[in-house]
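Heads up, the thing below is written out as structure tokens.
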Amino acid sequence: MTWNKYKSTEAPAKKKITHHESDIQKNCVRWFRFAYPQLIIFSIPNGGSRNVIEAVRLKDEGLLAGVSDLFMPKPNSKFAGLFIEMKAPGGKPTLSQVHFMEKMVTLGYDCKICYSFDDFRSTIDNYLADS
């Protein structure tokens, strides 16, 4: 028996790339901007695939691993602003994300992880209810 006998002639199935977390985040931002047009929320594009040159350039410019996905620069009665890490259901924060959130809490910011649109909406509404 030779290797060729077992070698598949079909191209290997490509793993389907899903953007579930991204889709949730887009819906959340869209809702926020409709529900609270007087406030600001913005994304911090820290992830994604980059070539080595681009990754080094961004790191030199201040890119920091673990920074949360979204930031709302609105103080309430307890915190200076709100960082939100978006995760798909079942997702877990990385160690660098946990460390970032811990540091932000010590600096007076609130940090939350949201796994769905409903998590996001209640996080925003509860945070703003404390204003």
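Annotations for the structure displayed:
- Heavy-atom SASA rank of C28, C111 (probe 1.4 Å, accessible area, largest first): C111, C28
- Sequence of D119, D69 from largest to smallest accessible area, 1.4 Å probe: D119, D69
- Among the protein heavy atoms, those of H99 account for about 90 Å² of accessible surface (1.4 Å probe, every chain in place).
- C28 sits among other residues whose Cβ lies under 13 Å from its own Cβ, and their net charge, with Lys and Arg +1 and Asp and Glu -1, is -1.
- Counting only protein heavy atoms and using a 1.4 Å probe, the accessible area of D130 comes to about 60 Å².
- Heavy-atom accessible area order for E85, E61, E54, largest first, 1.4 Å probe: E61, E54, E85
- Candidate aspartates and glutamates - alpha carbon under 19 Å from K103, same-chain residues fewer than 8 apart omitted: D69, E85
- Measuring against 19 Å, Cα to Cα, the residue pairs K26/K59; K59/K112; K74/K112; K26/K87; K87/K112; K78/K112 contain K26/K59; K59/K112 as the ones spanning a longer distance.
The values are calculated or read from the model by the stated rules, or taken from the named source; none is laboratory data. Values in this document were obtained by computation on a predicted structure and should not be read as measured data. No Cβ is skipped: glycine too gets one built from the backbone with ideal geometry, and neighbour counts run over all protein chains shown. The protein model used for the area step is the full one, side chains on, heavy atoms only, and it has no ligands, DNA or RNA in it. Shrake-Rupley method; radii C 1.70, N 1.55, O 1.52, S 1.80 Å.
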